[in-house]
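One structure is given here, and the rest of the page talks about it.
Please treat every number below as a calculation from the coordinates, not as lab data. What you see is a predicted model, and the numbers here were worked out from it, not measured in a lab. Cβ atoms come from the backbone with ideal geometry, glycine included; neighbour counts cover every protein chain shown.
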Amino acid sequence: MSSIISISNLTKVYQRDKQEIRVLNNISLEIAQGDFVALMGPSGSGKTTLLNIIAGIDRPSSGNIIVADTQIASLSETELAKWRSRHIGFIFQFYNLIPVLTAYENVELPLMLTPLSKSERRSQVELALNVVGLGDRMHHYPKQLSGGQEQRVAIARAIASDPDIFVADEPTGDLDRVSAEEILTLLDRLNKEFGKTIVMVTHDPYAAKRAHTTHHLEKGDLLQEESKL
């Protein structure tokens, strides 16, 4: 299977006053299209930085990264924003829903930046909410939903634009075990039924078990890979 993410000799250094802080050291990594990958490691290991670079939120200091056939480090900020909207779906630990908007409106929001008509947006929003099992909650506000339901709205928001890749940063970190299991099952379904590539940062070995491949980082180094395939 072809690689949808190809990283070679990637390094990330942050400058703090006169001090250089090296967060990623010469990382090389291939992720196949349709894979479900977990990035694990202690706090400060660089896993969220790596996820953010894959998603085009951050840029590497050196090295190459090709995602969805695009050399993303060479894109301008405007080009990068357009690229993200087409290819990347974001799932965060704390949902990032807007409290004054309904579930429907939260899911529709990123589609407002696309050329879709109102009826086309409605169709995609309703489909996304039905996929996550919240078709009957679309007019509820976040405060009227459980934590697990809020995360499902956030996943529906990511689904609505039909991205190639989902990046998930501790998606179950703020949930009880039952809700976490529902979210992991949903991610598993997106991967198996819809063929989406998923890259998930997690501290939780239980969550990582759902991934096909697990990569471990420590102090910016990629240590080892575990594959279940």
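Listed values [x] 0.97; [y] 1.00; [z] 0.93 include one computed from this model; for Rg/Rh (Cα atoms, Kirkwood Rh) that value carries the label [x].
Mind pulling the angle between the C-alpha long axis of helix 118-131 and the longest principal axis of the chain? Nearest 10 degrees, somewhere in 0 to 90. The answer is roughly 80 degrees. Charge dipole (Cα centre; +1 on Lys/Arg Cβ, -1 on Asp/Glu Cβ; no other charges) of the chain amounts to roughly 240 debye. Residues in the stretch 99-122 near a label at Tyr141, defined as backbone nitrogen under 14 Å from the 7 Å Cα→Cβ point? The answer is 99-106, whose backbone nitrogens lie closer than 14 Å to the label point.
Magnitude of the Cβ-charge dipole of the stretch 131-187, K/R +1 and D/E -1, about the Cα centre, nearest 20 debye? Could you put the intermediate results ahead of the total?
On the way: 5 positive and 10 negative charges, 51 e Å.
Dipole magnitude for the stretch 131-187 comes out near 240 debye.
Ranking of Phe194, Phe92, Phe166 by neighbouring Cβ atoms within 10 Å, starting from the fewest: Phe194, Phe92, Phe166.
Given a cut-off of 23 Å, name the pairs among Lys18/Lys82; Lys47/Lys196; Lys47/Lys209 whose C-alpha atoms lie farther apart than that in the structure shown. Check vs 23 Å cut-off fails for Lys18/Lys82.
Between Arg189 and Thr78, the simple spin-label model (points 7 angstrom out along Cα→Cβ) gives 4.0 nm. For a straight C-alpha distance cut-off of 15 angstrom, the aspartates and glutamates reachable from Lys118 (same-chain residues fewer than eight places away being disregarded) are Glu105, Glu108, Glu126. Please check which bits of the stretch 1-17 a label hung off Asp69 would reach, taking the label as a point 7 Å along Cα-to-C-beta and the cut-off as backbone N under 15 Å. 2-6, by backbone N distance to the label point.
With both residues required to sit in the chain, DSSP beta bridges show an antiparallel share near 60%. In a fully extended conformation the segment linking Lys209 and Ser6 would gain 70.8 nm over its present Cα-Cα distance, using 0.36 nm per residue.
Report the full-extension gain for the segment Ser62 to Ser43: residue separation times 0.36 nm, less the Cα-Cα distance, to one decimal in nm.
Using 0.36 nm per residue and subtracting the Cα-Cα distance, I get 4.6 nm.
Annotation: the residues Val107, Val201, Val13, Val178, sorted from fewest to most other C-beta atoms within 10 Å of their own C-beta, follow the order Val178, Val13, Val201, Val107.
Farthest towards the positive end of the charge dipole of the chain, among the residues Gly44, Thr114, Val199, is the Cα of Thr114, using unit charges on the Cβ of Lys, Arg, Asp and Glu. In the chain, a dipole from Cβ-located charges (positive for Lys and Arg, negative for Asp and Glu) runs towards its positive end, and of His212, Thr70, Gln15 it is Gln15 whose Cα lies farthest in that direction.
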